[in-house]
Amino acid sequence: MTVIGTHFSRLFSRFYVYKCLKQSPWKQKTCHLSNGVIEVQDEVKEALHSGRPVVALESTIITHGMPYPDNLSTAKSVENLVRDQGVIPATIAVINGKVKVGLTTEELELLSKKDKPCIKASRRDLSYIISQGINGGTTVSGTMSIANQVGIPIFVTGGIGGVHRGAETSMDISADLTELGRTSVTVISAGVKSILDIGRTLEYLETKGVCVASYGNSKDFPAFFVPRSGYQSPYNVQDATKAAELIDAQLRLDLQSGILIAVPIPQESSADGEIIEFAIQQALTEAKNQNIIGKEVTPFVLQKVNEMTQGSFMSFSIDIALVENNAIVGSQIAMKLCDIRNKNLGVISTSRHRYLSNQKTGDNRIVVIGGSIVDFYAKISSQNIQMDGATYPGNVRQSFGGVGRNLADCLSRLQTNPLFISATGNDANRTVFEDYCKHMDLSGVTSLDKFNTATYCAVLSSNGELMFGIGDMDVHKQITPDYISRFEKKLALAPMVVLDGNVSTESIEYVCQVCHKNHVPVWYEPTDVNKAHKPFLTSAGQRLTYISPNLNELRVIYRHLTNTLDSQIGHRDPDAITLEGILDEAIWLSKVIIEEVPIVLVTLGKHGVMLCQRSQLEKFPIKGYRLEHSDKMKADIFPAFNAGYPPENIVSVSGAGDCLAATMISGIVHGHDPDLCVKAGLMAAQMSLKSYQAVPPNISPKKLNLDRVRIWAPWQPQRVKHV
């Protein structure tokens, strides 16, 4: 470690003490974008969500570094180089008081032409620029700060600021260094210009706890224009893979500080760089001879170098070459980092850890825990088949299911942005699953090397009847209490938590305990008759607020709670019996269930739903609502459709119940009238019947707005007398 003068060290030590204010991306902190300050371009948002690599780019090179139109062509060139590596570029700037992450062509042109005043936007300047509604080109410090907030772990620039010569008296130290000490972003740069005090810059970074590594086979620390500054980095990373491994380790350690990876100037540009470096050294020598010290050194050197090179120092050809080279290197590292973190056992991809949305993105959002399944449906065309090993003509269709996934899918399309907690294998099915579910927050979905993504294959006869099915669901056993506990804070803050029956009994019990402690209601979707009774194997059943069984699942729960099945109908299909018979049985069974769970939504196929509630409930409970026990139950019957207008063009019943529940849940957390919540759910279910996908892609808040629901369902539910 280089020895620094006592006076210099004493002065600098006052500035070394700091408190880390940012949380590492490894903590999966969700950025609060609902304040309207940060706007993430759709392409960047989608890439972050779907697990694709993203690289952040600064904008001062556009606003303050070059004249128009060279600044525009350089910005486009750098973005194209990033894209060529398979990475999404995210240029960051402030436009009209809005922080933009990812710029359109029009926005790049706006900044390039400089028609409006534009301020250099370091961390300290962001609040002022935003409050004034003006433009700002983000510096290294400003870009790092925003990139960290939105979950971009790698940032590419030309070079960083440092400790200025004479800083022991002027205290002129770049904010870039402080940002590196408190922000969990890796900066790819060509090192530090030798016009600065490189030795003290490295000393300062060491004190701040910043890991510095040179890129390549040498530890030589580059000085922007030349590959060797005369100083060495503590470490070096030989290639993109080694650099990505370093970043991955830093994120897993949650050190809350950045990494500086110093990339030497490309060989083809080094000759020009040496000319400029020679001029810098000559100017520094002249400054020393003239006894120029402190804050006067930098402007003196800049002026002299400009004179000696006849203005070439102020040209930007080398700057362009450096930033383009760094963009390629940074993008390659980003690709490797994405691969590493997607392959790690049980580790969530860096670029997926925070899903960005203009909707509800804070910790207080719905949490869905359950199964993720890739479904295959094989329908045989021939009516005459034998189990003889022959190949029969037919068609095979793929879709995506799992009750938990369906619920989270529908809630996402309704823009409630739930956190989905699940497990998949690290296989090809996971890839297609994530691609299809790119509109969802998958930050809670862990990918495991030793398991297959849950898969179900249904073999159907020529008339569509299910002959048999094969399911591989072992990965769902990995949604353990230990894994779910990583999201305990989000459970405690959620307005509602939703569980499906694919989750283990132990996990259901753990979730219910956490939610009960924090007065968070739990909705349980039984999934099938074999899983309906799971919560009632422990005390979890008494801690549920909502349950949504069909009639057969209701029978199973009743049988478990009473050790009998006192039913007039037994196990016949609800669609094959009269509504009166169904209601009589459903009410009889629900009277027992309501003692455990205050709200029971019984789905009745073509007959609609029956909503049973403890009679004192005035509204649907969400977080903080205290329930009181009641011996009475009220039941309302909601028809599946308007009388005389049954749904047409039904193609699949799969997912209809999940769309019903998810749409109800969305309405509940938004405080809508209970009747409208149920009617909206039924409307969503009818949309699902007409789609081959469990959750139709066209479900949206617009399609299910309250005015449409009122027109679609003008009737009032049938009230069954208090029981």
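The values are calculated or read from the model by the stated rules, or taken from the named source; none is laboratory data. Values in this document were obtained by computation on a predicted structure and should not be read as measured data. Virtual Cβ from ideal backbone geometry, glycine too; neighbours counted across all protein chains shown.
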Looking only at the stretch 44-72, filter to residues that are at pLDDT 90 or above and small (Gly, Ala, Ser); which one of those is surrounded by the fewest Cβ atoms within 10 Å (Cβ to Cβ)? Ala56
Being of a type in the set (S, T, N, Q) and assigned to a helix (DSSP H, G or I) is the filter; apply it to the stretch 137-165 and report the residue that is surrounded by the fewest Cβ atoms within 10 Å (Cβ to Cβ). Gln149
Identify, by number, the condition in (1) at pLDDT 95 or above; (2) closer than 29 Å to Ser317 by Cβ; (3) aliphatic (A, V, I, L, M) that Ile265 doesn't meet. (1)
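Condition check ((1) touching a Phe, Trp or Tyr at 6+ places or on another chain (Cβ under 9 Å); (2) of a type in the set (S, T, N, Q); (3) in a helix (DSSP H, G or I)) across all residues:
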residue	(1), (2), (3)
Pro647	yes, no, no
Val651	yes, no, no
Leu660	no, no, yes
Ile699	no, no, no
Arg708	no, no, yes
Quick check on Ala694: is it part of a loop (DSSP other than H, G, I, E, B), within 29 Å of Trp588 (Cβ to Cβ), touching a Phe, Trp or Tyr at 6+ places or on another chain (Cβ under 9 Å) and at pLDDT below 90? no
Scanning the stretch 386-412 residue by residue, the ones that are closer than 22 Å to Met467 by Cβ and part of a helix (DSSP H, G or I) total 0
Run down Glu168, Glu109, Glu79 and say which single residue is surrounded by 19 or more Cβ atoms within 10 Å (Cβ to Cβ), more than 30 Å from Glu286 (Cβ to Cβ) and of a type in the set (D, E, K, R). Glu79
Meets criteria (surrounded by fewer than 23 Cβ atoms within 10 Å (Cβ to Cβ), without any contact (Cβ under 8 Å) to a residue 60 or more places away in the chain and among the aromatic types (Phe, Trp, Tyr)) for Phe420: no
Contact list please: Cβ distance under 7 Å, first residue in the stretch 186-208 and closer than 12 Å to Ile160 by Cα, second residue of a type in the set (Lys, Arg) and outside any helix (DSSP H, G or I), pairs at least six apart or on different chains. Leu196/Arg165
Working only within the stretch 515-528, note down all residues that are modelled with pLDDT of 90 or more and either assigned to a loop (DSSP other than H, G, I, E, B) or crowded, with 22+ Cβ neighbours inside 10 Å (or both). Cys515, Asn518, His519, Val520, Pro521, Val522, Trp523, Tyr524, Glu525, Pro526
Using the structure shown, decide if Asp427 is modelled with pLDDT under 85, among the acidic types (Asp, Glu) and either in the same structural domain as Val653 (by TED's automatic domain parsing) or crowded, with 24+ Cβ neighbours inside 10 Å (or both). no
Quick check on Ile198: is it aliphatic (A, V, I, L, M), within 27 Å of the chain's Cα centre (by Cα), at pLDDT 85 or above and assigned by TED's automatic domain parsing to the domain that holds Ile320? no
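Of all the strands (runs of 3 or more DSSP E) wholly in the stretch 421-475, which have at least 3 residues that are polar (S, T, N, Q)?
441-448
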